[in-house]
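Note sheet for the following structure.
We did not get these values from a lab; they are worked out from the coordinates using the rules stated. Note that the structure is a prediction, hence the values are computed from the model and not measured. Neighbour counts run over all protein chains shown; Cβ positions are idealised from the backbone, glycine included.
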Amino acid sequence: MRLIIKIALGVIAAGIIGLISFLFYMGVFSTPEVTEMETGPYTIVYEEFIGDYKKSGQVFERVGKAMEKEGIKTTRGFGIYFDDPKMVPADKLRSHCGLVIEGDNLKMVPELKKKYNIQVIDKSNRIVIEFPIKNMLSYVIGPMKCYPAFSEYSKEKGYKVDSPGYELYDMQSKKILFMMDIEK
């Protein structure tokens, strides 16, 4: 009986150590570093989405497939999140979900405007946090870590935090840039 208890405790301890190690790997215990830098401009093709931000992945996929049909390949997605999920019901959250159009593909923008929503995010000084993409959980953990860090940083600096949140998903570099405009 004691052997079974020792084995069970060993398995539980190994599971706890494994879980904690995984959470460290995912960045759950890290403190995001907020920097200020000039970012942009970004030309994005997007769809408007109203609903739970957790369901926006399907919109990004739809835009990606549409751009593939147009012959546009990109490794950078872009999301604009207009509402604070703590203040707005999930089914009323507003966002723009899409892809960055860049390089030679910018020549196609006038033609794309006839069928798709196109928006230019101007070059601007923003507060920025870089968060690594480890796996699909990064898209959940990142916002949970980064937006509170923006709020804290903004309070310290006397900035307003009512601008939309921008998220640049750089698949090639395996990172997400969380950005917000600086409003003093």
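When the helices in the chain are scored as -39500 (n - 2.57) per DSSP H run of 4 or longer and the sum is shared across all residues, what 222 nm value do you end up with, to the nearest 500 deg cm²/dmol? Present the calculation step by step, with values, prior to reporting the outcome.
Numbers: 4 runs with 62 residues, N = 184.
Value at 222 nm, helices only, nearest 500: -11000 deg cm²/dmol.
Once phi is turned into ³J(HN,Hα) by the Karplus curve 6.51 cos²θ - 1.76 cosθ + 1.60 with θ = phi - 60°, what whole-Hz value does each residue of segment 174-180 show in order, with x for glycine and proline?
Working through the residues one at a time gives 6, 8, 10, 9, 8, 9, 9 Hz.
Give me Tyr166, Tyr42 sorted ascending by neighbouring Cβ count inside 10 Å, so fewest comes first. Could you put the intermediate results ahead of the total?
On the way: Tyr166 23, Tyr42 20.
In order of increasing Cβ crowding within 10 Å: Tyr42, Tyr166.
Relative contact order of segment 35-181, please, whole-number percent, based on alpha carbon pairs below 8 angstrom and at least 6 residues apart. Intermediate values should be presented prior to the final figure.
Details: 248 pairs, mean separation 48.6, N = 147.
For segment 35-181, the relative contact order is 33 percent.
Which label marks the calculated value of P(r) over Cα pairs in 10 Å bins from 0, in percent, given the options [x] 8, 31, 32, 16, 7, 4, 1, 0; [y] 9, 37, 36, 16, 2; [z] 9, 33, 32, 16, 8, 1?
[x]
Past 21 Å, Cα to Cα, is the threshold; run Lys92/Lys115; Lys54/Lys157; Lys73/Lys174; Lys86/Lys160; Lys134/Lys157 against it and keep the listed order.
Details: Lys92/Lys115 25 Å; Lys54/Lys157 30 Å; Lys73/Lys174 17 Å; Lys86/Lys160 17 Å; Lys134/Lys157 31 Å.
Exceeds cut-off: Lys92/Lys115; Lys54/Lys157; Lys134/Lys157.
Hey, can you rank 76-85, 135-144 by average C-beta count inside 10 Å, highest first? Mind showing how you got there, number by number?
Details: 76-85: 19.2, 135-144: 15.3.
Packing order, densest peptide first, comes out as 76-85, 135-144.
Order of 154-160, 1-7 by packing, highest average Cβ count within 10 Å first?
154-160, 1-7
If we count every other residue with Cβ under 15 angstrom of Lys115's Cβ, Lys/Arg +1 and Asp/Glu -1, where does the sum land? Mind dumping the intermediate values first?
Values: positive: Arg62, Lys65, Lys69, Lys113, Lys114; negative: Glu47, Glu48, Glu68, Glu70, Glu111.
The answer is 0.
Roughly how many nanometres apart are two label points built 7 Å out from the Cα toward the Cβ at Ile16 and Lys175?
3.6
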